[in-house]
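> My questions all concern the structure below.
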Amino acid sequence: MKYICLGYIQPGKFEGMTEDERHAVLDECFEHNDHLRANGHLVAEVPLQPPETALTLYWKNGKVATTDGPYAETKEQLGGIQILEARDLNHAIQLVSQLPGFKYGLGPIEIRPVADLNEMIKESEQRRRKNTAR
Amino acid sequence: MSEHSTAEIRELLDSLYRVDSGRILATLIRLLGDFDLAEEAMQEAFAAALSLWPRNGVPDNPRPWLISTARFKAIDTLRRRARFDASQDELARYLETQWNSAEESNEEASVEDDRLRLIFTCCHPSLPPEAYVALTLREVCGLTTEEIAKAFLITPRTLAQRIVRAKAKIRDTPIRYEVPSPQELPERLDAVLQVIYLVFNEGYSAAAGAGVTRAELTGEAIRLGRLLTELLPEPEVIGLLSLMLLQESRHAARTSPTGELILLENQDRSLWNREQIAEGVALVERALKSHRFGSYTLQAAIAAVHAEAESTAMTDWRQIVALYNQLVRIQPSPIVELNRAVAIAMRDGPEVGLALIDAVFAHGELANYYLAHSARADMCRRLGRTAEARSSYEKALALTQQEPERQFLQERIRQLK
């Protein structure tokens, strides 16, 4: 089973650390990821640039509208995503519990099972085939 | 060592996991002294096997290979953590020296005990009872959180949190990893047997239409019963296994192709599984010979009398009543009283049965139990008291949610008109 882990970061938490602490967190994180990868648990990881770089698009009156950032006042911001391969939900929880960034209290992590859309895609393909056959 | 493709290895590992993960985990928990570390190490050992075995061949003894690989993985994990947390290094060193000295004394007997330790830990009285089933099915039987959740019709995240909390409790209490002392054993064993029978009934009562997964629970419960019979052949353990096998032997006969429930008296007995009956009967005889049996053995003995009868009419109701008389003595409950009343009705006629059922109702405990109303309705029907019969069937119908049962009761009401 694949699980997506959304890692949230409390703004300023990492920046508030001393240089030594920051190095320690980073070293431990990267080493931990190597370990996860070597054991086939880390399918993919996507670190994100800080929320200040974000741009949100809206569909408004048939046109694209844009605003800066995600939500201005949220406490924690999405910092990165990992896709884990785990035996089941409790195994995924166990893997996430060991993430160094998490243990250093950088922020909470949300786990969600990856959805299987194969059935929906198959049905959609059938609908589309029918439509073109007409 | 022999050559295999990755796909073959994956299949082999899947079946190894289903059969042996409980055993491997049980030993690792003892060796490592930590549930989570043991589980993580086991997962890593299986992952290592998947990448190494296609290249290097499958070891002649996969289980010891997996256990020793998991040990090294655990040491690695602790070493890695030690680079950032010095206390882990001490632990890693301690485990290594301990293993070197324990290597020789690690005989098969203590490995078998590990599985008992694991079962008793999963059903430990310090844990909340709702965690027993989840932990037992996941840690002992190797089912995934998602599979268990699906079978018990709850969300995976509810079940996952239950498991997380239970494991934290095991670690923080801490719950010792051991088989209970002889003094504690009867009570502790009773909790384990209850868990196994609950798993069985969850699958058994699901009947048709509720999906395959729930039906698999009966198979899982029987597997647990066999394991426990092998590890700890106490009379009641054997009695429970016998009871489950004898109930399961009627599986094919108890629902119609359209999913309606078929009562024992109307079942096509040629559909009963003779192999399971033979095994169940042999087991219950073994348990009865001990003269230290309890309620599971008596229930199995009752099921065995039914299993050996050619029809309802040919059933030895005198013996069944005698067994219920014993059961009422050691485990008095309104439900046992009700079943005894039904058996007496079969022996002495519905009038006697109805009087007994009404006496049970008079205690007031069975007012919300649909089977009690259904049994009463049945007595009235056989006595020709149609209006009373209908009213009792209707009460029963109002009290059950299960579709096969509802269909059965509706059919009975229709027949009365």
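> Out of all the residues in the range B:19-40, which are under 22 Å from B:R223 (Cα atoms), among the aliphatic types (A, V, I, L, M) and crowded, with 22+ Cβ neighbours inside 10 Å?
B:I24, B:L25, B:A26, B:L28, B:I29
> Suppose we filter the range B:152-175 for residues that are within 13 Å of chain A (Cβ to nearest Cβ) and in a helix (DSSP H, G or I); how many remain?
Looking only at that region, the number is 14.
> Please give the number of the condition B:V212 fails out of (1) in contact with a helix residue (DSSP H, G or I) (Cβ under 8 Å, 6 or more places away or on another chain); (2) modelled with pLDDT under 90; (3) within 22 Å of B:V19 (Cα to Cα); (4) not charged (D, E, K, R).
(1)
> It is to be established whether one or more residues within the range B:358-373 are among the small types (G, A, S), open to solvent by 70 Å² or more (accessible area, probe 1.4 Å) and out of contact with any helix residue (DSSP H, G or I) (no Cβ under 9 Å at 6 or more places or on another chain).
There is at least one residue in the range B:358-373 that is among the small types (G, A, S), open to solvent by 70 Å² or more (accessible area, probe 1.4 Å) and out of contact with any helix residue (DSSP H, G or I) (no Cβ under 9 Å at 6 or more places or on another chain).
> Here is a further query. Those residues that are within 14 Å of chain A (Cβ to nearest Cβ) and touching a Leu at 6+ places or on another chain (Cβ under 8 Å), I need them from the range B:1-16; list them, please.
B:T6, B:I9, B:R10, B:L13, B:L16, listed by residue number.
> From the list A:G40, A:G69, pick out the single residue that is within 13 Å of chain B (Cβ to nearest Cβ), open to solvent by less than 50 Å² (accessible area, probe 1.4 Å), at pLDDT below 90 and touching a strand residue (DSSP E or B) at 6+ places or on another chain (Cβ under 8 Å).
A:G40
> Quick check on my filter: what residues within the range A:77-116 are part of a loop (DSSP other than H, G, I, E, B), at the interface with another protein chain (Cβ under 9 Å from one of its Cβ atoms) and not polar (S, T, N, Q)?
A:A86, A:R87, A:D88
> So which of B:D89, B:D85 ends up being more than 35 Å from the chain's Cα centre (by Cα), open to solvent by less than 70 Å² (accessible area, probe 1.4 Å), within 12 Å of chain A (Cβ to nearest Cβ) and modelled with pLDDT under 90?
Going through B:D89, B:D85 in turn, just one is more than 35 Å from the chain's Cα centre (by Cα), open to solvent by less than 70 Å² (accessible area, probe 1.4 Å), within 12 Å of chain A (Cβ to nearest Cβ) and modelled with pLDDT under 90: B:D85.
> Which residue, of B:V19, B:V58, is at pLDDT below 90 and away from every other protein chain (no Cβ under 13 Å)?
Being at pLDDT below 90 and away from every other protein chain (no Cβ under 13 Å) holds for just one of B:V19, B:V58, which is B:V19.
> Give all pairs with beta carbons closer than 8 Å in which a residue from the range A:1-25 that is within 14 Å of chain B (Cβ to nearest Cβ) and open to solvent by 50 Å² or more (accessible area, probe 1.4 Å) meets a residue that is part of a loop (DSSP other than H, G, I, E, B) and among the basic types (K, R); count only pairs at least 6 apart in sequence or on separate chains.
A:M1/A:R87
> Those residues that are touching a helix residue (DSSP H, G or I) at 6+ places or on another chain (Cβ under 6 Å) and either more than 15 Å from B:I29 (Cα to Cα) or within 13 Å of chain A (Cβ to nearest Cβ) (or both), I need them from the range B:64-81; list them, please.
Correct list: B:T69, B:A70, B:K73, B:A74, B:L78, B:R79, B:R81.
The values are calculated or read from the model by the stated rules, or taken from the named source; none is laboratory data. If you're wondering where the values come from, they're calculated on a predicted model, not measured in any experiment. Every residue, glycine as well, gets a Cβ built from its backbone with ideal geometry; the counts of neighbours run over all protein chains shown. Each accessible area value is taken on the protein alone, full model and side chains, heavy atoms only, with ligands, DNA and RNA left out. Shrake-Rupley method; radii C 1.70, N 1.55, O 1.52, S 1.80 Å.
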